[in-house]
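Below: one structure, written as structure tokens.
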Amino acid sequence: MPFKSILTDLVKSVPGANGAVLADWEGESVELCCLSDDFELKVIGAHKGIILNRMKEIHARFPAGEVQEAVISTATHHIIIGTVGPDYSLVMILDRCAVVGLARQRFRNSVKLLEKEIY
């Protein structure tokens, strides 16, 4: 299953999802599915990937295991960021009214599919 198909299925399976982007270790967009502005999603993906990497570095000092994902909530959106293997990240943008639990479940399933494709 190609990356585009996995991301499209993810976005379409979660009501209120605006888009998802797979980014590499440098924050560059590898593939995306976006229902609005592609450029904005690429920028958000790059910046959230940096935040995820910093969280992983900080959290590595603690014995609780590696950071797998995080949810950032703003006044208008939820943003899920997660690792895809050691070198990639997945970022998903949701409307504030979206069901985050459902989105996280579908997000994790997509991470597994992406890891199978990449590794």
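Since every read-out is calculated from the coordinates, none of them should be taken as a lab result. In this text the structure is predicted, and so the values were computed from the model without any measurement.
Laid out as a table, the results:
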| read-out | value |
| --- | --- |
| Share of alpha-carbon pairs per 5 Å distance bin for the chain, given as whole % | 2, 13, 24, 26, 21, 10, 3, 1 |
| Antiparallel %, DSSP beta bridges [both residues in the chain], to 5 | 100 percent |
| Helix-derived mean residue ellipticity, 222 nm - over the chain, DSSP H n ≥ 4, -39500 (n - 2.57), to 500 | -14500 deg cm²/dmol |
